[in-house]
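*Asks:* First the structure, which I've put down as structure tokens, then a few questions once you've had a look.
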Amino acid sequence: METTRTKAPFDRRVRRTRAAIKESFLSLSREKGADQITVKEVMSLANVNRATFYAHFANLDELAAAIESDVAGAIAARCEEALARTLTTTVPEACTILCDALLEDRESLAWIAGPKATGCGREQLRELARAHWEQVACPGSDGLVFDLLFDGCIGLAGQWCEDPESLTKDEVKAAICSAAEKLTT
């Protein structure tokens, strides 16, 4: 038997219901920690029953991962759009553009870089960033330098998301761009 999770994502009713469930979870997560949210609260706010919730998501972890994946896609799209608008020739230029796009929305970035991130969004961004890294910075590199830079960037971004008083957006951007330049020269 076909479940809602296996139906084509083009069904408007399925998309609308999934969006309502996701938005309910997002709304509740702004009020309290994601680990304190219950399926019952999400169902109530989304105005769906238990069977409908479970037809779309196996549990709250799967729901959080789906949201994180959506957020990563939006961040990736912003980064791609920003890069497409310019003719970058150097790593520092590309890094500056990517940092501006990445740090544009702190709430979204927290889904990727925050302590409760599932990791799926981070991996989506890692794949995109690695493709650009190999084209612009270090064609044929072994990836260790990239991994160090990427994980450091995400770590700084996560610190900024959790405690914006500890670092300013400009300090995060400057540290990331400086590290990228040092690692590619």
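The values are calculated or read from the model by the stated rules, or taken from the named source; none is laboratory data. Given the structure is predicted, the values throughout are model-derived calculations rather than measurements. Note: ideal-geometry Cβ built from the backbone for every residue, glycine included; neighbour counts use all protein chains shown.
*Asks:* Does ARG15 meet the test of being among the charged types (D, E, K, R) and at pLDDT below 95? Explain how you work it out, then say what you get.
*Replies:* Values: among the charged types (D, E, K, R): yes; at pLDDT below 95: yes.
The answer is yes for ARG15.
*Asks:* Would you confirm whether or not the range 109-118 contains a residue that is more than 18 Å from VAL172 (Cβ to Cβ) and either out of contact with any strand residue (DSSP E or B) (no Cβ under 9 Å at 6 or more places or on another chain) or of a type in the set (Ser, Thr, Tyr) (or both)?
*Replies:* Within the range 109-118, the subset more than 18 Å from VAL172 (Cβ to Cβ) is 116, 118.
Now drop any that are not either out of contact with any strand residue (DSSP E or B) (no Cβ under 9 Å at 6 or more places or on another chain) or of a type in the set (Ser, Thr, Tyr) (or both), which leaves 116, 118.
Yes, some residue in the range 109-118 is more than 18 Å from VAL172 (Cβ to Cβ) and either out of contact with any strand residue (DSSP E or B) (no Cβ under 9 Å at 6 or more places or on another chain) or of a type in the set (Ser, Thr, Tyr) (or both).
*Asks:* Return yes or no: is VAL42 without any contact (Cβ under 8 Å) to a residue 60 or more places away in the chain and either assigned by TED's automatic domain parsing to the domain that holds CYS120 or in contact with a Gly (Cβ under 7 Å, 6 or more places away or on another chain) (or both)? Let's see the steps before the verdict.
*Replies:* Numbers: without any contact (Cβ under 8 Å) to a residue 60 or more places away in the chain: yes; either assigned by TED's automatic domain parsing to the domain that holds CYS120 or in contact with a Gly (Cβ under 7 Å, 6 or more places away or on another chain) (or both): no.
The answer is no for VAL42.
*Asks:* Restricting to the range 30-44, name every residue that is buried (at least 16 other Cβ atoms within 10 Å of the Cβ) and not in a helix (DSSP H, G or I).
*Replies:* Hit for the range 30-44 is ILE37, nothing else.
*Asks:* Can I ask one more? Being within 16 Å of ALA179 (Cβ to Cβ), of a type in the set (S, T, N, Q) and part of a helix (DSSP H, G or I) is the filter here, so list the residues in the range 89-112 that pass it.
*Replies:* Within the range 89-112, THR96 is the sole residue that qualifies.
*Asks:* Could you check the range 119-134 and list, in sequence order, the residues that are in contact with a Phe, Trp or Tyr (Cβ under 9 Å, 6 or more places away or on another chain), touching a residue at least 24 places away in the same chain (Cβ under 8 Å) and not hydrophobic (A, V, I, L, M, F, W, C)? Even if it seems obvious, please write down each step before you answer.
*Replies:* Taking the range 119-134 first, the residues in contact with a Phe, Trp or Tyr (Cβ under 9 Å, 6 or more places away or on another chain) are 121-122, 125-126, 129-130, 133-134.
The next check asks that each one be touching a residue at least 24 places away in the same chain (Cβ under 8 Å); those that pass are 121-122, 125-126, 129.
Listed by number, the residues that qualify are GLY121, ARG122, ARG126.
*Asks:* Considering only residues that are among the charged types (D, E, K, R) and in contact (Cβ under 8 Å) with a residue 40 or more places away in the chain, look in the range 45-71 and name the one that is surrounded by the fewest Cβ atoms within 10 Å (Cβ to Cβ). Let's see the steps before the verdict.
*Replies:* Keep residues of the range 45-71 that are among the charged types (D, E, K, R), which gives 50, 61-62, 68, 70.
Checking the rest, the ones that are also in contact (Cβ under 8 Å) with a residue 40 or more places away in the chain come to 61, 68, 70.
Numbers: ASP61: 11, GLU68: 23, ASP70: 18.
Here the answer is ASP61.
*Asks:* Being farther than 27 Å from ALA34 by Cβ and either part of a loop (DSSP other than H, G, I, E, B) or over 13 Å from the mean Cα position of the chain (by Cα) (or both): is that true of ILE176 here?
*Replies:* On the way: farther than 27 Å from ALA34 by Cβ: no; either part of a loop (DSSP other than H, G, I, E, B) or over 13 Å from the mean Cα position of the chain (by Cα) (or both): yes.
No; evaluated as a whole, the condition is false for this residue.
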